[in-house]
Amino acid sequence: MNTRFLDACWGKPVDRTPVWLMRQAGRYLPEYMRVRSKCTFLELCKTPELAAEVTIQPVDYLGVDAAILFSDILTPVEPMGMKLDFVPGPVFEHPIRTMADVEALRIPDPEQDVPYVLDAIKILRRELAGKVPLIGFGGAPFTLACYMVEGKGSKDWATIKRMMYAAPDVYAALMEKITMMDMEYLNGQIKAGAQAIQIFDTWGGVLSPTDYEKYVLPYTTKLINGLNRQNVPIIHFVKGANAMFPIVKKAGGDVMGLDWHINLGTARDILGPEFAVQGNLDPTVLYAPRDVIEREVKRVLDENAGRPGHIFNLGHGILPTVPPENAKYMVECVHRLSQK
Ligand code: CP3
């Protein structure tokens, strides 16, 4: 039974630093591409046996200390009533623009509307059999709203920001509805067996600290407070938010995810002992020669300086063209260099 990851989430001492990689299942792995060549990404997400298979692939190959459910943050948005496509980035045919659009959104019942997600979790708990814990996840309300309003990825997210400023009632109604959906969805994952939950706020950092506090913090706080999390640590990852950690930490949770634009020790000083941290190697280090990978892993471990409550990870998702053996070597370095 490997409990290193969960122990570190709770700030307990561990024999060596646990490590997993954001987006550890995916296109850089040839065994993922073999499964993926036979179906679309959404079909993969909706077929529990296949989702479970690709979830376990990186656990076996990399030797990481946690598995993360294979799905997408946008999976539960489709049953809200928004047709979704991946090309390969996500595209919604009819983005949310008006109050009528918001009112037409439903709040899905996980057991009825996304049974495949819950089934994948149940299969995984059985197949992992305690070998490593299973992380469930969802998008933070703001990041989900970004895609739902823009209809796809964006450089400046001007459409949702315009809604925020020019139609604050529409924005608030949308965020409220997404928060309720997220709460049901993540509590459904916990009930099905997810042992930790990561909330991805990939785009939270595009706002000023004042706007983050006004337009994002209340919803993420409400979401985290609404989770049945007695024994389930919550990891909150807000990319690009280092300069507003004193505000972001008010949302609560147990672990703060760090991108690579901050010294990990500095982040710990700002966050204080009540938060564990997860991160924060620059994902492009995985293109470097072995001696550089080792040096950079050691640097991040040194920045933590032996404090309990560190989960090693990349500062964002692994890139699709990374050589898999480099990712495996990184995991080995974390384990070897942090061994007590
Ligand atoms: O971490 C894991 O291994 C679990 C799986 C996972 C995926 N997406 C699979 C995926 C997780 C945790 C996500 C989260 C996600 N999805 C986020 C937040 C994290 C982040 O990276 O910031 C966001 C913003 C999305 C939305 C999304 N999904 C985008 C922008 C894309 C296109 C990505 C690209 O590189 O083209 C996706 C598709 C997606 N989600 C893929 C995978 C493996 C690629 C799909 C494919 O096989 O073609």
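The values are calculated or read from the model by the stated rules, or taken from the named source; none is laboratory data. This one's a predicted model, so the numbers in the text were calculated from it and none came from an experiment. Here the Cβ is made from the backbone with ideal geometry for all residues, glycine too, and neighbour counts use every protein chain on show. Remember, those area values only see protein heavy atoms, side chains included, never the ligands or the DNA or RNA. Shrake-Rupley method; radii C 1.70, N 1.55, O 1.52, S 1.80 Å.
A few comments on the model shown:
- Scan of the range 208-223 for residues that are closer than 22 Å to A173 by Cβ and open to solvent by 10 Å² or more (accessible area, probe 1.4 Å), ordered by number: T210, D211, E213, K214, Y215, L217, P218, Y219, T221, K222
- Restricting the range 22-41 to residues that are assigned to a loop (DSSP other than H, G, I, E, B) and within 9 Å of the ligand (Cβ to nearest atom), the residue that is most open to solvent (accessible area, probe 1.4 Å) is R23.
- Among the candidates I73, I107, residue that is within 11 Å of the ligand (Cβ to nearest atom), under 30 Å from A166 (Cβ atoms) and either part of a loop (DSSP other than H, G, I, E, B) or open to solvent by 40 Å² or more (accessible area, probe 1.4 Å) (or both): I73
- Annotation note: Cβ proximity below 6 Å between a residue of the range 43-54 that is of a type outside the set (A, V, I, L, M, F, W, C) and a residue that is open to solvent by 10 Å² or more (accessible area, probe 1.4 Å) (sequence gap 6+ or interchain) occurs for K46/Y116; P48/Y116; P48/D119; P48/I123.
- Number of residues in the range 305-329 that are more than 16 Å from the ligand (Cβ to nearest atom), within 19 Å of T17 (Cα to Cα), part of a loop (DSSP other than H, G, I, E, B) and in contact (Cβ under 8 Å) with a residue 24 or more places away in the chain: the value is 4.
- Every condition in (1) open to solvent by 20 Å² or more (accessible area, probe 1.4 Å); (2) within 9 Å of the ligand (Cβ to nearest atom); (3) of a type outside the set (G, A, S); (4) in contact with a Lys or Arg (Cβ under 8 Å, 6 or more places away or on another chain) is met by L44 except one, and the failing one is (1).
- Within the range 227-270, considering residues that are surrounded by fewer than 16 Cβ atoms within 10 Å (Cβ to Cβ) and within 19 Å of the chain's Cα centre (by Cα), the one farthest from K214 (Cα to Cα): N231
- The range 47-70 - residue that is more than 10 Å from the ligand (Cβ to nearest atom) and of a type in the set (A, V, I, L, M, F, W, C) and, of those, nearest to the chain's Cα centre (by Cα): A66
- Check on L6, touching a strand residue (DSSP E or B) at 6+ places or on another chain (Cβ under 7 Å) and either near the ligand (Cβ under 9 Å from one of its atoms) or closer than 17 Å to P324 by Cβ (or both): no
- Exclusive hit being under 20 Å from the mean Cα position of the chain (by Cα) and either β-branched (V, I, T) or open to solvent by 30 Å² or more (accessible area, probe 1.4 Å) (or both), set I190, I160: I190
- Verdict on F86 being at pLDDT 95 or above and open to solvent by less than 30 Å² (accessible area, probe 1.4 Å): no
- Scanning the range 308-340 for residues that are more than 22 Å from P58 (Cα to Cα) and within 23 Å of the chain's Cα centre (by Cα) yields a count of 2.
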